[in-house]
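Enquirer: Quick one: this structure, given as structure tokens, is what I'll be asking you about.
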Amino acid sequence: FKVTKGYPFNIILFAKTVNKTGISPFDILKSFSSQKFGIEEFLSRKLYNILPTSAKRLLWYLCCIRSPLKLSSLEKLATIENLKELINVLQDNLLIVNHRNNVYVKNFIKSVIYELIPDNEKISIHKFYSNCYSENIALKPTDRILKLSRSSMHAEKYYHYNAAMRLEKNYQSLKPTMTANPEPPSVLPPSENVKILSTLSLHADYSDMR
């Protein structure tokens, strides 16, 4: 109770961490007492660390977008082998919410995971979303992959563009000898039937999953 403060979600998160990691409650508490994070962040990091790489990368994309994504929209944006299984993995680990096929990450988890995404990956992801919104703005509402108003898409486009530029400036100043990841291809209209994220190696690998 002292650690979870009796909050139902914290209790569920603690039990899930014990179950998924195989670490005893005593050892989790011992580890928690020797670090600086709050209990929610500590347990979320534990659950994140045991994810297969493909699930982590999908989670990065879900943490960088500011609005829920419909599963149908995600399927149009990306060719991801075993997408629904990966969504289930993330949901089972309490890292995302899937409400009536609208997928999103709770704000406190989003802030935790966002800090764990490598800067060069953040740059590519924000550029990807900026391109997505840019291409969708010109489409008829019925043809849009991202179901937002035109004014909202303009706002999101510039949010992601500015985030990418800010991160890229910092990244290049810290690592002048490294070349940032090339910009992902822009999203084409749905009629072109182009799948974007297939180049991101998001194929499921369950070998390291508990």
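The values are calculated or read from the model by the stated rules, or taken from the named source; none is laboratory data. None of these values were measured; they are calculated from a predicted model. Positions of Cβ are generated from backbone atoms using ideal geometry, with glycine treated the same way; all protein chains shown enter the neighbour counts. When the accessible area is computed, the model is the full protein with side chains, heavy atoms only, and any ligands, DNA or RNA have been set aside. Shrake-Rupley method; radii C 1.70, N 1.55, O 1.52, S 1.80 Å.
Enquirer: Assess whether residue 13 counts as being within 14 Å of the chain's Cα centre (by Cα), assigned to a helix (DSSP H, G or I), at pLDDT below 95 and of a type in the set (A, V, I, L, M).
Expert: When the stated conditions are applied, residue 13 does not pass them.
Enquirer: I've got another one for you. Taking segment 31-57 as the search range and keeping residues that are open to solvent by 60 Å² or more (accessible area, probe 1.4 Å) and not polar (S, T, N, Q), which one is modelled with the highest pLDDT?
Expert: Going through the qualifying residues, I end up with 40.
Enquirer: Right, another one. What's the number of the condition residue 4 fails, among (1) under 21 Å from the mean Cα position of the chain (by Cα); (2) open to solvent by less than 30 Å² (accessible area, probe 1.4 Å); (3) polar (S, T, N, Q)?
Expert: (1)
Enquirer: When the residues of segment 48-106 are narrowed to those that are assigned to a helix (DSSP H, G or I) and of a type in the set (Ser, Thr, Tyr), which ends up farthest from residue 132 (Cα to Cα)?
Expert: Checking each candidate, the answer is 48.
Enquirer: Report, ordered by the first and then the second residue, all pairs with beta carbons closer than 6 Å, sequence separation of six or more or different chains, a first member in segment 36-47 that is under 14 Å from residue 5 (Cα atoms) and among the acidic types (Asp, Glu), and a second member that is outside any helix (DSSP H, G or I) and open to solvent by 20 Å² or more (accessible area, probe 1.4 Å).
Expert: Between residues of segment 36-47 that are under 14 Å from residue 5 (Cα atoms) and among the acidic types (Asp, Glu) and residues that are outside any helix (DSSP H, G or I) and open to solvent by 20 Å² or more (accessible area, probe 1.4 Å), there is no close pair.
Enquirer: Also, I was wondering about something else. Looking at (1) assigned to a loop (DSSP other than H, G, I, E, B); (2) crowded, with 18+ Cβ neighbours inside 10 Å, can you tell me which one residue 116 breaks?
Expert: (2)
Enquirer: Would segment 70-89 turn up any residue that is over 30 Å from residue 148 (Cα atoms), among the hydroxyl-bearing types (Ser, Thr, Tyr) and exposed (fewer than 13 other Cβ atoms within 10 Å of the Cβ)?
Expert: No, segment 70-89 has no match at all.
Enquirer: Right, next: Which of (1) open to solvent by less than 60 Å² (accessible area, probe 1.4 Å); (2) assigned to a loop (DSSP other than H, G, I, E, B); (3) among the basic types (Lys, Arg) does residue 157 not meet, given it meets every other one?
Expert: Going through (1) open to solvent by less than 60 Å² (accessible area, probe 1.4 Å); (2) assigned to a loop (DSSP other than H, G, I, E, B); (3) among the basic types (Lys, Arg) one by one, residue 157 breaks only (2).
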